[in-house]
1. Given a Förster radius of 30 Å and the C-beta distance between residue 483 and residue 335 as r, what FRET efficiency does 1/(1 + (r/R0)^6) yield to the nearest 0.05?
2. Which order do peptides 400-411, 187-198 fall in by mean Cβ count within 10 Å, highest first?
3. Holding the Cα-Cα limit at 27 Å, pick out from 283/365; 77/191; 365/450; 267/378 the pairs that are longer than that.
4. Between residue 349 and residue 460, what is the FRET efficiency for a Förster distance of 22 Å, r being their Cβ-Cβ separation, to the nearest 0.05?
5. Provide the packing ranking of 351-357, 271-277, i.e. peptides ordered by the mean count of other C-beta atoms within 10 Å per residue, highest first.
6. At q = 0.08, 0.14, 0.17 Å⁻¹, work out log10 I(q)/I(0) for segment 264-492 with the Debye formula, treating every Cα as an identical point scatterer and leaving solvent out; two decimals please.
7. Which net charge results when you count Lys and Arg as +1 and Asp and Glu as -1 among the other residues whose beta-carbon is under 13 Å from that of residue 265?
8. With +1 on the Cβ of every Lys and Arg and -1 on the Cβ of every Asp and Glu, and nothing else charged, how large is the dipole of segment 264-492 about its Cα centre, in debye rounded to the nearest 20?
Amino acid sequence: MAIPHYTGKMTDWIMNEDEPEAFNHAITVMTLMTIMSAVCEFVCDLIYNITMSRIHTSIQGLVFQSVLKQEIGFFDKASTGDIVSRITTDTNTMSESLSEKLSLLMWYFMRVIFLFGSMLLLSTRLSIFTALGLPIIWIIPEFSGRFYQKLSVQVQESLAKANDVATETFSSMKTVRSFANEDGETERYRKCLEDTYALNKVEAAAYAASTWTNSVSVLMVLMSYWPHVKKAVGASEKIFEYVDRKPDTPPDGSLAPQTLKGHVQFKNITFAYPKRPDTDVLKNISFELKPGQITALVGPSGSGKSTIVSLLERFYQPKKSGEILLDQNPLVKYKDQYLHEKISVVSQEPVLFARSVRENIKYGKENASDEEMRAAAKLANADDFIDSLPKGYDTDAGEKGGQVSGGQKQRIAIARALIQKPQILVLDDATSSLDTESEHRVYSALKELKSCTVLLISHRLSGVENADHIIFLREGEVAEEGNDEELRAKNGLYAEFVKQQNTSIHRNTEDVTNSGQ
């Protein structure tokens, strides 16, 4: 704002040539102040935008980590799209408005105040003199715009990679929680954000180099950026709803014994899902899983089999009544990380990540050796087919395992569970896509796990009849218990289940025979 003062000095010299030193002094001071002003503006904008970029990265990582710590019921209620939008779109909106729009708002606000005062002292001639800088204002945005266009593509590609990690993680939340790999996924997401942060620093430097030339229509610019700041406030409110949200889970336990037998007891459990609190899925149910035994859960759809698995993994808490004991201690007393290291679950539709087969098997246990990996794959009857893949264990499984068949996906998932060396292994219809021979090999391998507690859920008789203990569920209650021979002799619900299975097998055999003819 002192430049108009020295411009006046120069004008005075033009009118009065008797003082040449006044002209030289005015020109020198004006030149120095112009350079210093430009440099200061560049440095301030650079520091401001880099700082805001760091804040954006930190907030995005904080929200991601906070979401991963929520209870499974939270993911049942919230849609994946809404969660991803909060982490990506809302944080981007907030950061963009604060890093660029708020900076300009403050900058132009101060300029309006000072320019309004200084303009009162300026003449028409000085206004014309100031307009001589307009060509520079037109040229620099032309070149910077081209640079911004290329840089914007790189930034969006970097953000897309981070979004892919977030979407894949949230859509596979139960698998992530089962392997207690929240911190691993958070670190993977942070690495993607670091790449974006590096590009943002370049973008900040380019932005700082160009914004100082923008000195036209100050008041109009000031008014246009205020709505963006209000938009940032609205976006930040949504973001911090997630950051401030406390998971609806009991405090993490403290038990982490060096040895665990794996004796599980369900005692008088009555349970309803948070979305349907008035509908009891399990009704005063009691049973036990003994170490070294294969226990099979059998029953029609909706009888509560998968709910039992979710409770065992501590995805939900039996809040209505009853408790779950592990080696005579309440399940809630165990450390969450320890518990998921000791319990491995393979579901009917296991989730594979868009990584190599090697990384999928070692998921949650990245420090496992290749020998351990191959041993687990052999137990799961997966080693042979993996070796036959184009790149063997380094073959990309594709998004959600799309590059392998359903049966291959299940065997990889079983290997992923076995490499953990669990004390409790849960197979939730995990062999439904396997042929009879492959299924038989898997169950034979399970028999070798002498000290492991195995919970088997299967709709196929071949998987159930060789179990040491069978529990038949109906409408959330234990209807029958015993081994295959005992339950057949009762001629009850299990016997009816066996008849239906045999009838189905007989019909399928006839269909195959008829189609062959």
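All of the numbers you see were taken from the coordinates with simple rules; none came from a lab. Note that the structure is predicted; figures quoted are calculated from it, not measured. Because the Cβ atoms are built from the backbone with ideal geometry, glycine has one as well, and the counts that use them run over all protein chains shown.
1. 0.30
2. Listed from highest to lowest mean packing, they are 400-411, 187-198.
3. 283/365; 77/191; 267/378
4. 0.85
5. 351-357, 271-277
6. -0.30, -0.90, -1.25
7. Net of charged neighbours comes to 0.
8. Here segment 264-492 has a charge dipole of around 620 debye.
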